[in-house]
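Data first, discussion second: the structure below is written as structure tokens.
The values are calculated or read from the model by the stated rules, or taken from the named source; none is laboratory data. Bear in mind that the values here come from a model prediction, so they are computed numbers and not experimental data. Note that each Cβ is placed from the backbone with ideal geometry, even for glycine, and that neighbours are counted across all protein chains shown. In case anyone asks, the SASA skips ligands and DNA or RNA and just uses the protein heavy atoms, side chains included. Shrake-Rupley method; radii C 1.70, N 1.55, O 1.52, S 1.80 Å.
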Amino acid sequence: MSGTAVRHLISINDLTDADLRAIVERGAAFSAGEARPAGALAQDIVGVYFAKTSTRTRTAFSSGALRLGGRLVSYGPGDLQLNTGETTEDTGRVMSRMLDVLVARTAGDPAELRGWASQDRMSVVNAMTADEHPTQALTDLTTLLGHFGRVEGLRVLYVGEGNNTASALALALTRFPGVELDLRTPPGYGLEAPFAARASEQAAASGAVFRERHDMDDLPAGRDVIYTTRWQTTGTTKPDPDWRTLFAPFQVTPALWEHSPKAVFMHDLPAHRGDEVVAEVLDGPASIAFEQAENKMHSAMAVLEWCRGALAPEAAPSAPAAPAARP
Ligand code: CP
């Protein structure tokens with residue numbers, strides 16, 4: 001793709017409103033069977049590099065790329081010369097001469113992915129960094145659109161740590177008019193300040209509402225969605241030995257449905273039943289967490305099409321354009 005603008009997805013902030021909507025609509029169309037994978041990546045080779053564990057995201061992008069006709073090169077945490085001191089910039093420059101897209105879950109530092117993306121040939125997709133999980137948010141909005149037929153105006157209660165999933169969700173949802181996003185996060189474990197500030201600014205501009213509190217009192221009623229995530233985000237530990245005491249009031253139990261009886265339950269998974277959510281909720285009738293997990297693949301296909309220029313905003317509901325030729 002040398003000479004043309006390469007699309008990277010490092011943060012939800014990298015997407016225009018039109019791009020965000022197009023990816024979500026395309027993912028929902030794949031999910032509903034209204035669109036079928038049509039070889040948009042038939043000329044492409046996709047690198048999949050996971051420095052940390054993953055069940056959903058790695059499988060979603062691998063399966064999605066294959067369904068779109070692409071071929072894969074897969075790397076684990078011990079495979080690259082990064083381990084012997086090669087820079088991320090040099091690694092990206094070399095890979096960009098051989099790959100069309102790199103999907104990467106790095107060791108945690110968000111700046112690392114910008115290093116990979118400092119070249120103009122290969123798209124880089126953030127498959128989760130310490131601060132943000134943008135492809136999860138795209139999956140989540142795809143799931144909301146598929147379930148409710150809209151994102152606008154939805155009332156979402158997020159309960160749990162203000163982690164990378166919450167950050168991306170806040171960045172994405174607050175762009176939609178009428179959305180009410182309430183975060184209830186344990187004291188000291190809220191959304192990182194830059195994400196909260198950006199979400200507040202976007203909400204003010206779009207007509208959404210963004211609120212965060214650090215208690216479980218006076219919960220808003222009539223929510224459409226109750227969402228939680230794992231208390232110990234993949235590969236992380238908490239230095240405070242008493243963190244469970246702080247998190248305990250934020251467990252999702254059936255009591256939360258007393259004031260929101262029609263709410264669906266969402267979880268990015270993996271789940272720890274008995275920690276952030278009780279089994280009765282995760283496995284109960286309100287849960288759409290496993291549909292949400294499947295949507296990671298449908299959304300991944302939409303992301304890959306977008307990266308390769310095969311998904312124009314105005315073309316989102318229809319078949320993708322012909323694939324770009326590999327140089
Ligand atoms: N939700 C999510 O990112 O799952 P994995 O860590 O299994 O990819």
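Among the trypsin sites (Lys or Arg not before Pro) found in segment 15-114, those both in a DSSP coil and sparsely packed, with 14 or fewer other Cβ atoms within 10 Å of their Cβ, are 97.
So what's the net charge close to residue 286: Lys and Arg +1, Asp and Glu -1, counting the other residues with Cβ under 13 Å from its Cβ? Net of charged neighbours comes to -3.
With only Lys, Arg, Asp and Glu charged, each at its Cβ (+1 for the first two, -1 for the last two), find how big the charge dipole of the chain is about the Cα centre; round to the nearest 20 debye.
Here the size comes out at about 900 debye.
So what are the ³J(HN,Hα) numbers for segment 298-303, from phi and the Karplus equation (6.51, -1.76, 1.60; θ = phi - 60°), rounded to whole Hz, Gly and Pro as x? Karplus-based 3J(HN,Hα) across segment 298-303 equals 5, 5, 4, 4, 5, 5 Hz.
Sequentially through segment 5-20, phi angles give Karplus couplings (6.51, -1.76, 1.60; θ = phi - 60°) of 5, 8, 9, 10, 10, 9, 9, 4, 5, 6, 9, 6, 4, 5, 5, 4 Hz, Gly and Pro residues having no value and appearing as x. Would you work out what percent of the accessible area of the chain, with all protein chains in place, is carbon or sulfur (probe 1.4 Å)? Solvent-exposed carbon and sulfur of the chain make up 52 percent of the total.
Available extension along the chain between residue 83 and residue 290 is 71.0 nm, counting 0.36 nm per residue and deducting the alpha carbon span. Counted by Cβ distance under 10 Å from residue 219, the other residues give a net charge of -2, where Lys and Arg count +1 and Asp and Glu count -1. Once both labels are positioned 7 Å from their Cα atoms along Cα-to-Cβ, the gap between residue 237 and residue 118 label points is 3.2 nm. Under a 5 Å amide H cut-off, with hydrogens placed 1.01 Å from N, residue 74 pairs with 48 among residues at least 5 apart or on other chains.
Normalised per residue, the accessible area of segment 134-292 is 39 Å², obtained with a 1.4 Å probe and no contribution from ligands, DNA or RNA. Taken over the C-alpha atoms, segment 134-292 has Rg and Dmax values of 14.4, 43 angstrom. Charge tally around residue 108: other residues with Cβ under 9 Å, Lys/Arg +1 each, Asp/Glu -1 each, net -2.
Report, as a whole number in µm² per second, the diffusion coefficient that Stokes-Einstein gives for the chain at 25 °C and 0.890 mPa s using the Kirkwood radius over alpha carbon pairs.
123
For segment 85-230, averaging the sequence separation of C-alpha pairs within contact (under 8 Å, six or more residues apart) and dividing by the residue count gives a relative contact order of 20 percent.
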